[in-house]
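In what follows, a single structure is set out as structure tokens and then discussed.
The values are calculated or read from the model by the stated rules, or taken from the named source; none is laboratory data. Since the structure is predicted, the reported quantities are computational estimates derived from the model, not experimental observations. Glycine gets a Cβ as well: all are built from the backbone with ideal geometry, and neighbour counts include every protein chain shown. Keep in mind that these areas ignore ligands, DNA and RNA; they rest on the heavy atoms of the full protein, side chains included. Shrake-Rupley method; radii C 1.70, N 1.55, O 1.52, S 1.80 Å.
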Amino acid sequence: MTIRYITSSAPADTLSGKVLGQIKREFGAEVEPFTLHLPVPELLAGVWIAVRETLLAGSGRRDAKEVVAAAVSSLNRCPYCLDAHSIMVLESSGHDYSKALADGAPEQIEDAFLREVAEWARATRTPGSPLLATTPFSTKEAPAFIGTAVVFHYINRMVTILLGSSTLPF
């Protein structure tokens, strides 16, 4: 998938080039949710830092943070991010919860912790929800889980506006 009018390359000695290099090394690929920010290098760097420090490097189980990304993406009707993070849930947990996440049916998730995390993530668009006050993760893990939810509410909007439907296999 490409983004019209934006090339996904930058000289290595620029801020964008340095960020893209780190994305390739640590995320595995230059993916469109990052490269769509190339016109504003500082924004690209900020989005990458937010994703890296919450989803990739932050405290807490990786599969659970991927569940947050997928559940938020389902809420926001972002098929690209839902597909990508459902694949990552499968890879990191060994279980395919893609249907439960896509259907907004966390009760179908067998793992009790992942089910609670999905329910919490779905509550992030419901101000005042009691689920937001009783988190399934520890205080130490809270910045990573909350940060993942916040950054995916943002990324989902950018992807939906600028990329459209998913091109991933399922």
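A simple count of charges around PRO79, restricted to other residues whose Cβ falls under 14 Å of its Cβ and scoring Lys, Arg +1 and Asp, Glu -1, yields 0.
Take MET88: with every protein chain present and a 1.4 Å probe, its accessible area is about 70 Å².
Heavy-atom accessible area, probed at 1.4 angstrom with all protein chains present, ranks LEU56, LEU82, LEU114, LEU90 as LEU90, LEU56, LEU82, LEU114, highest first.
Relative to the longest principal axis of the Cα atoms of the chain, the long axis of helix 62-75 lies at roughly 90 degrees.
At the listed q of 0.12, 0.15, 0.18 Å⁻¹, the Debye profile of the stretch 62-162, built from one uniform point per Cα, gives log10 I(q)/I(0) equal to -0.32, -0.51, -0.74.
Shown in residue order for the stretch 147-158 are the 3J(HN,Hα) couplings computed by the Karplus curve 6.51 cos²θ - 1.76 cosθ + 1.60 at θ = phi - 60°: x, 4, 4, 4, 5, 6, 4, 6, 4, 4, 5, 5 Hz (x for Gly and Pro). Summary: within the chain, the longest segment free of trypsin sites (Lys or Arg not before Pro) located in DSSP loops with at most 13 other C-beta atoms within 10 Å is 5-76. Measuring spread by the Cα atoms of the stretch 15-56 yields a radius of gyration and Dmax of 9.0, 24 Å. When you filter the GluC sites (Glu not before Pro) in the stretch 69-155 for DSSP loop state and at most 12 other Cβ atoms inside 10 Å of their Cβ, you are left with GLU110.
Taking the convex hull of the alpha carbon positions in the chain and averaging its projected area over all directions gives 9.6 nm². Our helix-only sum for the chain, with -39,500 (n - 2.57) per DSSP H run of n ≥ 4 divided by its residues, gives a mean residue ellipticity at 222 nm of -17500 deg cm²/dmol. If you run the Gaussian network model on the chain, springs between alpha carbon atoms under 10 Å, then out of TYR80, TYR154, TYR97 the most flexible one is TYR154.
If eta is 0.692 mPa s and T is 37 °C, what Stokes-Einstein diffusion coefficient results for the stretch 1-99, Kirkwood Rh from Cα pairs, in µm²/s? My calculation gives 229 µm²/s for D.
Comparing ASP63, ASP13, ASP83 in a Gaussian network model of the chain where C-alpha atoms under 10 Å apart are linked, the largest mean-square fluctuation is found at ASP13. If Lys and Arg each add +1 and Asp and Glu each add -1, what is the summed charge of the other residues whose beta carbon sits under 13 Å from the beta carbon of VAL89? Here the charged neighbours net out to -2.
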